[in-house]
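J.: I'd like to ask some things about the structure below.
The values are calculated or read from the model by the stated rules, or taken from the named source; none is laboratory data. Predicted model only: the values in this text are computed from it and were never measured. When we count neighbours, we look across all protein chains shown, and the Cβ atoms used for this are built from the backbone with ideal geometry, even at glycine.
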Amino acid sequence: MANCALCEPTSQDVLWQDDFCRVVLLNDADYPAYCRVELLAHVKEMTDLPPADRARTMRVVFGVEAALRETMQPDKINLASLGNKTPHMHWHVIPRFESDKHFPNSHWGEAVRDSQVQPLSKAVRDQLQRVVAERVECALES
């Protein structure tokens, strides 16, 4: 689809990809382990997908959630699929910490404190990539 940012090759850090979707690390300064699961095909809504592809999408999302929980030990994980600005199926997988800039509010909301988040080290980023690949592959086998 013309002018769809998610239909283009990504400039984001790809943690995992197959022929169906990719997992990108958004490198958000306030949420350094914030990931997004992006379908490669231009699909607007989950119900536009056949049931097997819906299930596959969610297995990837849950695999990423499991990897973030294991690697980052967040206080909470937020999952969101909005697509209002980018009507291309994607899921936000956001590790949340009680000390983050917006907690307990949505990370899209008004900040309640200054950010005290450290960027991901290369070692943690590499560990996250390894664990995402392991958890997603395991989820897809089930």
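J.: Could you list, in sequence order, all residues of segment 85-105 that are in contact with a Ser or Thr (Cβ under 8 Å, 6 or more places away or on another chain), under 28 Å from D48 (Cβ atoms) and part of a loop (DSSP other than H, G, I, E, B)? Please lay out each step first, then the result.
T.: Within segment 85-105, the subset in contact with a Ser or Thr (Cβ under 8 Å, 6 or more places away or on another chain) is 89-92, 100-101.
Okay, now just the ones that are also under 28 Å from D48 (Cβ atoms), so 89-92.
Of everything in segment 85-105, just one residue is in contact with a Ser or Thr (Cβ under 8 Å, 6 or more places away or on another chain), under 28 Å from D48 (Cβ atoms) and part of a loop (DSSP other than H, G, I, E, B), namely M89.
J.: Another question, then. If I filter segment 90-98 for residues that are surrounded by fewer than 16 Cβ atoms within 10 Å (Cβ to Cβ) and under 17 Å from the mean Cα position of the chain (by Cα), do I get at least one hit? Walk me through it before giving the result.
T.: Looking only at segment 90-98, we keep the residues that are surrounded by fewer than 16 Cβ atoms within 10 Å (Cβ to Cβ), and these are 98.
Narrowing the set further to residues that are under 17 Å from the mean Cα position of the chain (by Cα) leaves none.
No, the conditions are met nowhere in segment 90-98.
J.: It is to be established whether one or more residues within segment 126-137 are out of contact with any strand residue (DSSP E or B) (no Cβ under 8 Å at 6 or more places or on another chain), at pLDDT 95 or above and either among the β-branched types (V, I, T) or over 22 Å from C21 (Cα atoms) (or both).
T.: yes
J.: Now, a different point. Can you go through T71, T86 and tell me which one is surrounded by 13 or more Cβ atoms within 10 Å (Cβ to Cβ), within 16 Å of Y31 (Cβ to Cβ) and within 18 Å of the chain's Cα centre (by Cα)? Working first, answer last.
T.: Details: T86 fails: within 16 Å of Y31 (Cβ to Cβ).
Criteria check complete, one pass: T71.
J.: If you don't mind, another one. Can you find, within segment 20-33, the residue that is farthest from H90 (Cα to Cα) among those that are part of a loop (DSSP other than H, G, I, E, B) and in contact with a Leu (Cβ under 7 Å, 6 or more places away or on another chain)?
T.: If we filter segment 20-33 for residues that are part of a loop (DSSP other than H, G, I, E, B), which is where we start, we get 20, 26-33.
Within this subset, residues satisfying the condition of being in contact with a Leu (Cβ under 7 Å, 6 or more places away or on another chain) are 20, 32-33.
Values: F20: 12, P32: 18, A33: 16 Å.
The selected residue is P32.
J.: Somewhere in segment 39-52, is a residue more than 28 Å from R113 (Cα to Cα), touching a strand residue (DSSP E or B) at 6+ places or on another chain (Cβ under 6 Å) and charged (D, E, K, R)?
T.: no
J.: If you don't mind, another one. From the set of residues in segment 31-54 that are exposed (fewer than 14 other Cβ atoms within 10 Å of the Cβ) and acidic (D, E), which is nearest to P74 (Cα to Cα)?
T.: Looking at residues that are exposed (fewer than 14 other Cβ atoms within 10 Å of the Cβ) and acidic (D, E), I get E45.
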